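The values are calculated or read from the model by the stated rules, or taken from the named source; none is laboratory data. Given the structure is predicted, the values throughout are model-derived calculations rather than measurements. Cβ coordinates were reconstructed from backbone atoms using ideal geometry, including for glycine residues, and neighbour counts include every protein chain displayed. Note: areas computed on protein heavy atoms with side chains; ligands, DNA, RNA excluded. Shrake-Rupley method; radii C 1.70, N 1.55, O 1.52, S 1.80 Å.
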Amino acid sequence: MPETSRRGLLFGTAAVSAGAFLTACTSNEPKEKAPAQSNQPAADDTEGKPVTIGFAGPQADHGWLNAINVQARSRAEKYSEVTLETTEGSNDTAAQIGQVKTLINKKVDVLVVLPADGKALTQVGLEAMRAGIPVVNLDRVFASPQAYRCWVGGDNYGMGLNAGHYIGEQLKDKANAKVVELAGIDNLELTKQRSQGFADALKNYSNIKLVARQAADFTVESGQAKMAQLLQAQKQFDALWNHDDDQGVGALRAIEQAGRDEFIMVGGAGAKSAMDTIKAGDSVLKATVLYPPTMAASAIDLARALGQSKGVSGLAEMEIPTSVTLYSAVVSKDNIDQYLPTGFS
């Protein structure tokens, strides 16, 4: 999401020196030498050598996935020396493997891949790395660290943790508080991580109990249907955490149809529709926890740095990190103006 807060650590003021300095010895007594400094150029906005980046992204059948593609393309356009070779987004594993192989055959300098299935695309990631093409693995992680040079993605556990802490702080003075959870697709590891983080956060609040949990499918329709079931089963509760803002659109419809407003709702991901609702302040939706699609822009920055043999501005190391985990900030009415420009449609 917000480039200012997410990317400041990675791409802020340059922290590396232009060269090493050694003091001269003027006597027989050894004098301390200044520590050697990294002379690796830092990734910044200064134009570097031409780099061709291959981007294999997802099919844009969800607001967040579409935002991933938009972020990658718009970021690449910022750099005059970057050429972006894109594939047609696909959620079909076999098709995406073929697309990545095509990019390998084109001998792109760096690959950025958000795999439809991390495990299934591991072999093609290994193929690229063995061909001397560094891979930036975006979000859904490959099964082997040998299949990528750098991973950048969101913090699903932290997303649940921060949602739980926000709700906990809102309800900490309420006796016997009840919370319900509208999760995502249950067989996905990310859903399990989000739920675990949420449960762990609530352990800090002895007055709060999770009384119901329902899994949806990250769609508006499933959000509406599953939320209606939760509302029918739970006649009163104090807070709802919904894992995804797309399905949250449907959840809000069900809530409005039921005429319920006795609880607060926290969303997930950071859709513009959710942020607009939070800013308006006329709904049960009071906050959303970010899962920033700006990770795709950061992946392009990292790929450019790899292609130009640069480090990362703001870090002293000569090489880019092997992994970058983005922070899941809680966006509420208190800070909505800061984050609203980053909301995705």
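What to note about this one:
- Residue match in region 99-115 (condition: touching a Gly at 6+ places or on another chain (Cβ under 9 Å), in contact (Cβ under 8 Å) with a residue 60 or more places away in the chain and under 26 Å from GLY267 (Cβ atoms)): yes
- Test: residue in region 53-76 that is over 20 Å from SER345 (Cα atoms), at pLDDT 95 or above and assigned to a loop (DSSP other than H, G, I, E, B): no
- Any hit, region 172-180, residues being in a helix (DSSP H, G or I), touching a residue at least 24 places away in the same chain (Cβ under 8 Å) and of a type in the set (Lys, Arg): no
- Qualifying residue in region 277-284 (condition: modelled with pLDDT of 95 or more and within 17 Å of the chain's Cα centre (by Cα)): no
- Enumeration of residues in region 179-200 that are within 21 Å of the chain's Cα centre (by Cα), of a type outside the set (D, E, K, R) and buried (at least 22 other Cβ atoms within 10 Å of the Cβ): LEU182, ALA183, GLY184, SER195, GLY197, PHE198
- Of all residues making up region 101-132, the number that are crowded, with 22+ Cβ neighbours inside 10 Å and either among the β-branched types (Val, Ile, Thr) or assigned to a strand (DSSP E or B) (or both): 6
- Count - residues of region 146-178 that are among the small types (Gly, Ala, Ser) and within 16 Å of the chain's Cα centre (by Cα): 5
- Looking only at region 77-100, and only at residues there that are open to solvent by less than 20 Å² (accessible area, probe 1.4 Å) and at pLDDT 95 or above, the one that is nearest to GLY54 (Cα to Cα): VAL100
- Among residues of region 330-340 being open to solvent by 10 Å² or more (accessible area, probe 1.4 Å) and hydrophobic (A, V, I, L, M, F, W, C), the one that is nearest to GLY160 (Cα to Cα) is VAL330.
- Residue that is farthest from ASP61 (Cα to Cα), among those in region 315-345 that are among the small types (Gly, Ala, Ser) and not in a strand (DSSP E or B): ALA316
- The listed residue being touching a strand residue (DSSP E or B) at 6+ places or on another chain (Cβ under 8 Å), among the hydroxyl-bearing types (Ser, Thr, Tyr) and modelled with pLDDT of 95 or more, out of SER298, SER313: SER298
- Tabulated pairs, region 303-320, first at positive phi and of a type in the set (S, T, N, Q), second open to solvent by 50 Å² or more (accessible area, probe 1.4 Å) and outside any helix (DSSP H, G or I), C-beta under 9 angstrom, 6+ apart or interchain: SER309/PRO41; SER309/LYS49
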